[in-house]
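K.L.:
Have a look at this one before I ask anything.
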Amino acid sequence: RMAAAPPSYCFVAFPPCSKDGLVVFGKNSARPRDEVQEVVYFAAAEHEPGSKVECTYIEIEQVPKTHAVVLSRPSWLWGAEMGANEHGVCVANEAVVTREPASESEALLGMDLVRLGLERGATAKEALDVIVALLEEHGQGGNYYEDGSSCHTFQSAFLIVDRNEAWILETSGKYWAAEKITEGVKCICNQLSLTTKIDAEHPELRNYVKSQGWWNGDSDFNFSEVFSLADDHLACCSGRESLEKQGGDVSAQAMIDVLRDKDSGVCVDSESFLTTASIVSVLPQDPSFPCIHYFTGTPDPSRSIFKPFIFVDDVKLVPKVQSPSFGNDDPAKKIPRFQEKPDRRHELYKAHEWARSLLESDQDKGQKLMRIMLDLEKQGLEAMEDILSRTEILDPAEVVDLFYDCVDTELKFFK
């Protein structure tokens with residue numbers, strides 16, 4: 001049983017630590033090694049009154065309008081590990097362990113709350129309000145992994161970012177606290193990090209912990225100290241120093257470099273866990289410029305390409321990074337769940353698997369392929385920098401196929 005929470009890492013950097021008035025967001029999603037993540041886009045939509053939405057395990061009330069979202073998600077579930085919406089809101093989650101055991105009862109997963117926050121919140125604060133209201137109403141719980149033999153449950157932490165501010169939201173059951181960030185560099189990982197600076201909290205939070213005997217009300221209220229199992233809430237975030245060292249130069253490239261770093265532990269490749277997908281988002285504080293979201297759609301960012309996506313109407317869908325759909329026959333939807341594991345690999349995942357085996361088996365060919373891949377990525381990054389340095393407004397037709405074309409080119413190299 002994997003009792004330890006998977007060691008994902010999330011980052012945000014604000015000006016003046018980041019370049020050119022950009023907010024830079026990133027996440028490495030650490031998950032069970034063989035799990036496939038897909039990159040999916042859902043257009044904005046209007047919904048009939050009284051309609052429901054089926055999340056991973058439970059059905060909840062739908063809202064009248066949902067925003068367009070792009071998500072990187074384990075392909076067996078409804079929610080997402082990370083993603084963005086058309087209003088420049090980015091959300092990523094972390095599984096965390098607190099002194100309160102997470103519920104095995106099926107409710108909302110932390111990953112469902114990522115998607116719900118993005119679909120329903122037009123700012124970071126709105127997304128936070130959505131997540132905590134749903135937590136209050138439905139609770140969190142259920143298996144975090146596609147595993148029929150054992151139930152792996154965790155509490156959730158979130159990094160919620162928009163063009164102006166970020167919120168770190170940490171939860172235990174339905175109780176929560178949040179801190180607002182508008183400057184510097186922040187990292188969250190698979191441990192609680194909030195201490196005494198709390199800008200919003202569950203109205204009953206302090207009464208609850210007093211009633212449990214976890215806090216006497218005399219000392220400063222320190223969320224991590226109260227809710228952590230041991231002193232494991234301090235040694236977080238090895239990547240933060242490398243971003244701080246950039247001294248005002250944190251860019252998309254700098255964030256990508258941090259996510260690729262295996263020595264720091266940010267890029268996870270262990271017996272149980274692998275970084276199965278990554279995201280970097282660049283959010284200009286000036287709203288006349290578009291936000292740019294880079295996804296790998298493949299495991300191990302040190303051997304993957306970050307490919308740009310920009311929200312425009314009628315953006316071209318990319319089936320080659322989408323896993324096959326099994327509809328109601330999906331073992332994740334049948335009770336008892338996960339009695340078998342279907343092959344969820346998408347076309348890009350399969351091609352990339354071949355590339356990874358080449359990198360491992362044939363040094364010369366592998367390094368040559370890696371150089372070509374990084375060159376391709378660099379062209380994409382430079383083209384996006386060009387878009388952000390222009391004075392004229394971006395023509396949507398120019399980027400409607402952007403992510404599609406990048407995936408297509410990558411596949412051609414692998415073939």
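The values are calculated or read from the model by the stated rules, or taken from the named source; none is laboratory data. Given the structure is predicted, the values throughout are model-derived calculations rather than measurements. Every residue, glycine as well, gets a Cβ built from its backbone with ideal geometry; the counts of neighbours run over all protein chains shown. For accessibility, only protein heavy atoms count, side chains too; no ligands or nucleic acids. Shrake-Rupley method; radii C 1.70, N 1.55, O 1.52, S 1.80 Å.
K.L.:
Here are labelled values, [x] 73, 48, 40; [y] 61, 50, 49; [z] 88, 61, 51, and one is the computed Cα extents along the principal axes in Å for what I pasted. Which one?
P.N.:
[y]
K.L.:
Same structure again: Any aspartates and glutamates with Cα under 20 Å of the Lys210 Cα? List them, leaving off those in the same chain fewer than 8 positions away.
P.N.:
In chain and number order, the partners are Glu100, Glu136, Glu170, Asp199, Glu201, Asp218, Asp220, Glu225, Asp231.
K.L.:
How large a share of the accessible area of the range 82-154, in percent, is made up of carbon and sulfur atoms when the probe is 1.4 Å and the other protein chains stay in place?
P.N.:
45
K.L.:
Given a 1.4 Å probe and the protein chains all in place, what does the accessible area of Glu165 round to, in Å² to the nearest 10?
P.N.:
Accessible area of Glu165: about 30 Å².
K.L.:
Before I look further, what does the range 27-82 give for accessible area per residue, probe 1.4 Å, in whole square angstrom?
P.N.:
Heavy-atom SASA per residue in the range 27-82 reads 37 Å².
K.L.:
If you don't mind, there's one more thing I want to ask. Given the peptides 313-325, 60-72, arrange them by the average over their residues of other C-beta atoms within 10 Å, most packed first.
P.N.:
60-72, 313-325
K.L.:
How big is the dipole moment of the chain about its Cα centre under a simple scheme where the beta carbon of each Lys and Arg is +1, that of each Asp and Glu is -1, and everything else is neutral? Debye, nearest 20, please.
P.N.:
Approximately 700 debye in magnitude.
K.L.:
When ligands, DNA and RNA are left out and all protein chains stay put, how many square angstrom of accessible area per residue does the range 323-367 have with a 1.4 Å probe?
P.N.:
Result: 64 Å² per residue.
K.L.:
Something else about it: What whole-number distance in Å separates the alpha-carbon centres of the range 288-337 and the range 1-66?
P.N.:
11
K.L.:
With every protein chain kept in place and ligands, DNA and RNA left out, what is the accessible area per residue of the range 179-286? Probe 1.4 Å, answer in Å².
P.N.:
Dividing the accessible area of the range 179-286 by its residue count gives 46 Å².
K.L.:
Hey, any idea what % of the range 183-291's accessible area is carbon plus sulfur with a 1.4 Å probe?
P.N.:
Answer for the range 183-291 is 42 percent, counting heavy atoms of protein chains only.
K.L.:
Measure up Lys19/Lys350; Lys186/Lys262; Lys125/Lys320; Lys52/Lys197; Lys65/Lys334; Lys19/Lys415 against 26 Å on the Cα-Cα distance and list the ones that go over.
P.N.:
Listed pairs above 26 Å: Lys19/Lys350; Lys125/Lys320; Lys52/Lys197; Lys65/Lys334; Lys19/Lys415.
K.L.:
Let me ask something additional. List the aspartates and glutamates whose alpha-carbon lies under 17 Å from that of Lys368, not counting same-chain residues fewer than 8 positions away?
P.N.:
Within reach: Glu353, Glu360, Glu377, Glu410.
K.L.:
In the range 154-260, which trypsin sites (Lys or Arg not before Pro) fall in coil by DSSP and have 14 or fewer other Cβ atoms within 10 Å?
P.N.:
Lys197
K.L.:
Divide by every residue of the chain the summed helix terms, -39500 (n - 2.57) for each DSSP H run of at least 4, and state the resulting mean residue ellipticity at 222 nm, rounded to the nearest 500 deg cm²/dmol.
P.N.:
-8000 deg cm²/dmol
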